[in-house]
1. If you look at just the Cα atoms of the range 9-100, how large are its Rg and its Dmax in Å?
2. Using a 1.4 Å probe, how large is the accessible area of Leu364, given in Å² and rounded to the nearest 10?
3. Can you tell me the Rg and the Dmax, both Å, for the Cα atoms in the range 177-324?
4. What percentages, rounded to whole numbers, describe P(r) for the range 141-201 computed over all alpha carbon pairs with 5 Å bin width beginning at zero?
5. Cα-Cα over 28 Å: which of Lys45/Lys159; Lys499/Lys536; Lys353/Lys525; Lys306/Lys404?
6. How large is Rg over Rh for the range 261-331, taking Rg from the Cα atoms and Rh as the Kirkwood inverse mean of 1/r across Cα pairs?
7. Less than 13 Å Cβ to Cβ from Ile403, Lys/Arg counted +1 and Asp/Glu -1: what total charge do the surrounding residues give?
8. Per the 1.4 Å probe, what fraction of the accessible area of the range 397-519, in percent, lies on carbon and sulfur atoms?
Amino acid sequence: MITIPTRLSKVLQRNPHLSLYLQKYAQETKETPKFMDALSKDIGKESEVNVVYPVGDPIFIHLHGSKDEGQHYDVIEPLMEEEVEDSYKQIVEKIFLLSGKERVHVTDEEFNEVLDRLLEDIVVVSDRGGPSKLVQLIKPSSKIFMGHEDYEIVKYYVKRDILQNGILEPVLRDPYIEDIHCVGAREINLYHKILGMVETNIQFGDVERLDRYTKSMSDRMGRPASISRPIIDGALPDGSRINIIYADDVSVSGPTFTIRKFSTEPLSAAQLAGWKTISPQEAAYLWLCLENGMSVFVCGETASGKTTLLNAIFPFIRYDQKIFSAEDTLEVQPPHSVWQQLSTREFGPEESKVDTFALLRSGLRSRPNYIVVGEIRGKEGNVAFQAMQTGIPVMATFHAASIKRMIQRFTGSPINVPVTSMDNLNVAVFLAGVYRDGKLIRRALSIEEILGYSESMGGVMTRAVFVWNPVNDQHLFRGMNNSYILEERIAVKRGYKDKRDIYKELALRARIIDKMIEMNMTNYKTVNDILRAFQKEGVSGLPFTV
């Protein structure tokens, strides 16, 4: 037997399967996992890990193993014995038969109510034969009798598999998971925010089950996968981005998918500054840019943190501005009350399809204060530059690893922005995922200002105002008394007599970001509230002194 801390007793009473799991693990390994309500980043520095944490009753996660031999991610769910599983299958069949007579549900809450009602009609909870002994009537048309504990297990799996995300529900609940990788029917691998890539005990078992699951996911997204349309990009109901490769003649190992998790609450600029993704001074610089209507693109390679940074800096735009966003996969989350969110329509007859290009053209007519493009890939980039020429600032993400590559891609096919128009874009931030001490970290490699086109030089002039020094992991400000955007665009717009007074404002805002980090006031809502108060009342509106 393992020793149970007092604070865990209620958790174990509610979740007997967790108690059984811990006892079995202790018997097999002679070790007791540490129970944690929330994970510390310090566990990633340790050579071995052995912790259990909750992701919402009745699901728990067990991280265990070592860096040398591999770290494992085991999902702990209620155990369903064979006879209970047989009843579960009968119940699911009855639910599908009876659901046709139910009114059409619109929300998940309504669907949940329908499932509760159907379960009550199908199952009779009985304590005959003991609380966990199954008692079934022989006639298949009759109600199904079962003990209370078995009923709770079946109810969990019915809702997990019909209403929620099936076998992936635990990892989609887990806030520490960043990416989910499934290649055929073998075990699913995850990228854990603290431990990195980990193996799991989750697997589909056979290709047929995986095939049904991927088809079901694509149907739920409204983008059905098929042999004729084997590659699907979309978003799950929680906003997570998913790419599915369905046909086995395209994906040799069977259907595959990759999910990039969606955070319910975005990370804040203060959190990213605390983690050194950007510096407080870089955050202050972007704050001044966005508050004063500069166009900012966030660039980098895949999984470099572009959308994360884009969402983090939205609160720097004044709270009373109108935001217009156009995306094919919904990911941007500005906190502004006036936000016109539009999405592409990729399926259906050709005449009914709506692409990002069409959305942006529509956006030019709606008089927004800022246009946001989730990701520029093609001709919509030209429309974004047309918007900037009309005086509407634009924010977007873009795949480019450097300022040179960004300019080459924008001025080349299929975007075809005239090189002389590149200075309509004011600032570009370049992000990268880099490995330090064997761990993936994300850093802003540079922040570049676009100065203008030089005919004599035959190209676009740019200036790196911030660069990252990988030797000491520091962000260097090279733009002190030398920033074109701060002095010639923002200081002029704000009416400074001495343009270099803008650097005093930059320093003030960097201190505000530092203070948020120091006082642990870094969650997104708190940061947004502080920024909004500052926009309304200045320094006097801050909850601290700087």
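The values are calculated or read from the model by the stated rules, or taken from the named source; none is laboratory data. Here the structure is a predicted model, which means the values were calculated and not measured. FYI the Cβ positions are ideal-geometry reconstructions off the backbone, even for glycines, and counts take in every protein chain you see. Surface accessibility is based on the protein's heavy atoms, side chains included, excluding ligands, DNA and RNA. Shrake-Rupley method; radii C 1.70, N 1.55, O 1.52, S 1.80 Å.
1. 17.1, 54
2. Spelled out: Leu364, probe radius 1.4 Å, area about 60 Å².
3. Rg then Dmax for the range 177-324, in Å: 18.9, 56.
4. So the P(r) values, bin by bin, are 4, 15, 20, 17, 16, 10, 8, 6, 3, 1, 0.
5. Values: Lys45/Lys159 37 Å; Lys499/Lys536 24 Å; Lys353/Lys525 36 Å; Lys306/Lys404 18 Å.
Table pairs above 28 Å Cα-Cα are Lys45/Lys159; Lys353/Lys525.
6. Working: Rg = 12.3 Å, Rh = 13.1 Å.
Reported Rg/Rh, Kirkwood definition of Rh: 0.94.
7. Numbers: positive: Lys404, Arg405, Arg409, Arg463; negative: Asp423, Glu448, Glu449.
So the environment of Ile403 carries a net charge of +1.
8. Heavy-atom surface of the range 397-519 belonging to carbon and sulfur, 1.4 Å probe: 47 percent.
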